[in-house]
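Below is one structure, written out as structure tokens, with a few remarks after it.
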């Protein structure tokens, strides 16, 4: 694990992604050891022992409700004050992270869209395009309007 970026900001160092080391050269220049372009690494280090406010039992209870068809966004809106999050969006992200952390299955993008589109029954096209009132053929006299 790399050292804290706090030292890099103080000494003005850059990060080599292939060597996984801090260097004293500026970002954008090649590394002195491996010729990889250096980057300025942003962000901090996360403690591996802190996982958030959602325990495994709470994540499983939330997941049981998620399996009934409730979206993670709706769960985040309903639970962010109870779980102690600042906003519904951060609670939604924490719920998703808890599902991944404990190996609970989540819906993919397509399944979520299908579920959202069929809450009031399947969405079908009731009127074909040919009977919508407009003529599909063009006349030789110009516009048909």
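Laboratory data are not the source of any read-out in this text; all were calculated from the coordinates shown. What you see is a predicted model, and the numbers here were worked out from it, not measured in a lab. A quick note on method: Cβ atoms are made from the backbone with ideal geometry, for glycine too, and the neighbour counts reach across all protein chains shown.
In square nanometres, what is the average projected area of the Cα convex hull of the range 56-116?
Values: hull surface 15.4 nm².
Orientation-averaged projected area of the Cα hull: 3.8 nm².
What is the spin-label model distance, in nm, from residue 18 to residue 102 if the labels are put 7 Å beyond Cα along the C-beta direction?
Between residue 18 and residue 102, the label points sit 4.3 nm apart.
Sort the following peptides by mean Cβ neighbour count (other Cβ atoms within 10 Å, averaged over residues), highest first: 101-110, 71-80. Walk me through the numbers on the way to the answer.
Numbers: 101-110: 11.6, 71-80: 17.3.
The most tightly packed comes first, giving 71-80, 101-110.
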